[in-house]
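**Q** First, the structure itself, so that you have it in front of you.
The values are calculated or read from the model by the stated rules, or taken from the named source; none is laboratory data. Computed from a predicted model, the values in this text were never measured in an experiment. With ideal geometry, Cβ positions are generated from the backbone for all residues, glycine too; neighbour counts draw on all protein chains shown. Protein only, heavy atoms only, side chains kept; ligands, DNA and RNA dropped before computing areas. Shrake-Rupley method; radii C 1.70, N 1.55, O 1.52, S 1.80 Å.
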Amino acid sequence: MTIPTSPFTDEHQQLRASVRRFVEGELAPHADEWEADGWFADWVFPRLGELGYLGLSMPTEYGGQGADYWATVVFGEEIVRCRSGSLPMAVAAHTDMALPPVLKFGTEEQKQAYLVPALRGERIACIGITEPEAGSNVAGVRTSARRDGRDWIINGSKVFITNGVRGSFVTMVVRTAPPSQTPDGRPDPWSGISLFLVDTDLPGFEVAQKLDKVGMRASDTALLHLTDVRVPAEALLGIEGQGFKQIMWELQGERLIASIQSVAAAQLTFERSLAYAQEREAFGRPIARFQVQKHRLVDMATEVEACRRLLYDCVDKWNRGEYATTEIAMCKLACAQMAFRVADEAMQLHGGYGYSREFPVERSWRDARLMRIGGGTDEVQREIISKLMGL
Ligand SMILES: Cc1cc2nc3c(=O)[nH]c(=O)nc-3n(C[C@H](O)[C@H](O)[C@H](O)COP(=O)(O)OP(=O)(O)OC[C@H]3O[C@@H](n4cnc5c(N)ncnc54)[C@H](O)[C@@H]3O)c2cc1C
C-alpha cells in the first residue's frame, strides 16, 4: 500500500501545534539545567499525564486518547524539540516500551494497577531486559524466578535501565525455567523465559547505581539488583514461558519509537545547521555559499528524507497491525546510523562552536550516538535482517 503524501489529518496537526507549544514553552527552557543536574524534573511525567500525552495511542477505557499510531509519531517528532534527547527517550521507555506489553498481555487487574496510573504519570515504568552478562543476547538472561507456594522469588541484576532510579515498576524479562529441548534434542534458549511486573519498592529491590553516561544525561539510567524479591503469582505478565516471544513483540515498538526520535532529532539538527550556515561568515561570505557546505546540507536533508519515508512506511504497516520485523529492523538500523552521521556532519559544519558546550550541536551528537546501541545494536539489527533474508 502507498502511504499518502502526508499521513497526518487536521486532528494530528492540531495535536502537533499543542505539543509544540507545550514542549517549547514548558520543557525547552529547562533543558540546560536538567542536563547539568543529570535529572529532569519530577513534575514532567505527571504534567505529560495531565495533558494526555502519555497514552495517545492507548484505549480511552484506561485513560488513553484512543488515537492511531500516527499520533504517537506526531508526539515523538515534537518532543525532541525540548533540546534534549534524554527526556524523549525516558518518556518513550515508559510509553512505548514498558507499557505496551501491559496492555497487550496484562490481565484487567494489571491494567488497572499499572497502566491506568502510568498513563496519568503517577507511576513511572521501566523496561528491564539488559543484564550485566546479557544485552544483545536476550535469551541469555540470568535473572531468575522460582516458585514459593503461590509466590515467585526473583534474584538477579538488570543494567542500563532507563528511569531505573525514579521508576515505580519494571516490566522485566526473567528466566522461570531452564531451556527445554527442541525436537532434535538441542536446548531451546528461547524457552523458559517469562515477563513480570516488578514493583521497585519491594524488599530486596535495590537501585545499586545511577550510571554516568556520555549522552542522554538528563535521563536516569540504573543498575538494579534483586535479592530474594518476593512477588505474587499476579505479577506474572502474560503466559509463563512465553516471555521471549512477548519481548520480541515489544522490541518492534521500541525500534519504531527509536526510529521516530532519530529522524526527528536529525531533522532538527539539519534545521539548526542550515540556519547557522546562512548566518556564519568566513572569508567574507556566509559559509552556506561554499559549495562543499551546500552539498553537506543537501546530503543531510536527503538522508533525513530517505529515512523518514522508510519510517513512515513501517509506521503505516504497524498502524494496520502488520508485524514487519525485517522492515522495522532495517528502519532502526538506517535511522540510527543516519541520526549520528547527521549530528557528526552538523558538528563539522559548526566548526569550533560545534564542539563547544554553548551550542546545542554537541548534545545532539552525544545523544544521537546512543541510537546505534539502545533497542538492539546495529549489529543485532543486521543479524535479524540477515536471518530473515535466509542468509
Ligand atoms: C543510555 C542507555 C539506555 C538503555 N536503556 C535500556 C532500558 O531501559 N532497558 C534495557 O533493558 N536496556 C537498556 N539499555 C541497554 C541496551 O539495550 C544494550 O546496551 C544493548 O542492547 C547492547 O547490549 P550490551 O550493552 O550488553 O552489549 P553486548 O551485547 O555485550 O554487545 C557488545 C558488542 O558486541 C556486538 N554483538 C553482540 N552480539 C553480536 C552478534 N551476534 N553478532 C555481531 N555482533 C554482536 C554488539 O553489537 C556490540 O557491538 C540501555 C543502554 C543505554 C546505553
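**Q** Per the 1.4 Å probe, what fraction of the accessible area of the chain, in percent, lies on carbon and sulfur atoms?
**A** 53 percent
**Q** What FRET efficiency, computed as 1/(1 + (r/R0)^6) with R0 = 56 Å and r the Cβ-Cβ distance, is obtained for Val298 and Asp188, rounded to the nearest 0.05?
**A** Approximately 0.65, to the nearest 0.05.
**Q** Report the GluC sites (Glu not before Pro) located in the stretch 71-170 that are in a DSSP loop and have at most 15 other Cβ atoms inside 10 Å of their Cβ, or state none.
**A** Listed in order of number, the matching sites are Glu122, Glu133.
**Q** Please identify every one of the trypsin sites (Lys or Arg not before Pro) in the stretch 294-323 that sits in a loop by DSSP and has no more than 14 other beta carbons within 10 Å of its own beta carbon.
**A** In loop regions of the stretch 294-323 (DSSP not H, G, I, E or B), the sparsely surrounded trypsin sites (Lys or Arg not before Pro) are Arg320.
**Q** While we're looking at this one, here's another question. Determine the per residue accessible area of the stretch 245-388 with all protein chains present and a 1.4 angstrom probe, expressed in square angstrom.
**A** With all protein chains present, the stretch 245-388 gives 47 Å² per residue.
**Q** Something else now. If you plug each phi of the stretch 57-74 into the Karplus form 6.51 cos²θ - 1.76 cosθ + 1.60 with θ = phi - 60°, what whole-Hz ³J(HN,Hα) values come out, in order, with x for Gly and Pro?
**A** The phi angles translate into 9, 9, x, 5, 4, 10, x, x, 9, x, 8, 7, 6, 5, 5, 5, 4, 4 Hz.
**Q** Pop a pseudo-label 7 angstrom from the Cα along the beta-carbon direction at both Ala233 and Glu50 and give the gap in nm to one decimal.
**A** According to this spin-label approximation, the distance is 4.2 nm.
**Q** Sticking with this one: What is the Cα centroid distance between the stretch 214-237 and the stretch 109-123, reported in whole angstrom?
**A** One Cα centre to the other: 17 Å.
**Q** For the stretch 43-121, which chymotrypsin sites (Phe, Trp or Tyr not before Pro) pass both filters: DSSP loop (anything but H, G, I, E, B) and at most 15 other C-beta atoms within 10 Å?
**A** Of the chymotrypsin sites (Phe, Trp or Tyr not before Pro), the ones in loops of the stretch 43-121 whose Cβ has at most 15 other Cβ atoms within 10 Å are Trp43.
**Q** Let me ask something else about it. Taking the Cα centroid of the stretch 344-380 and of the stretch 272-305, what is the distance between the two, rounded to the nearest whole Å?
**A** Spelled out, the Cα-based centre of one part sits 18 Å from the other.
**Q** Rounded, prolate or oblate: which fits the stretch 126-242 when a ≥ b ≥ c are the square roots of the eigenvalues of the alpha-carbon gyration tensor, with rounded for a/c under 1.5 and prolate only if a/b beats b/c?
**A** Oblate shape, in that a/c is at least 1.5 and b/c is the bigger or equal ratio.
**Q** Take the Cβ-Cβ distance between Glu122 and Val214 as r, set R0 to 45 Å, and report the resulting FRET efficiency rounded to the nearest 0.05.
**A** That gives a FRET efficiency of 0.90.
**Q** Spin-label point model (7 Å from Cα, Cβ direction): what's the Asn137 to Glu24 distance in nm?
**A** Distance between the two pseudo-spin positions: 4.9 nm.
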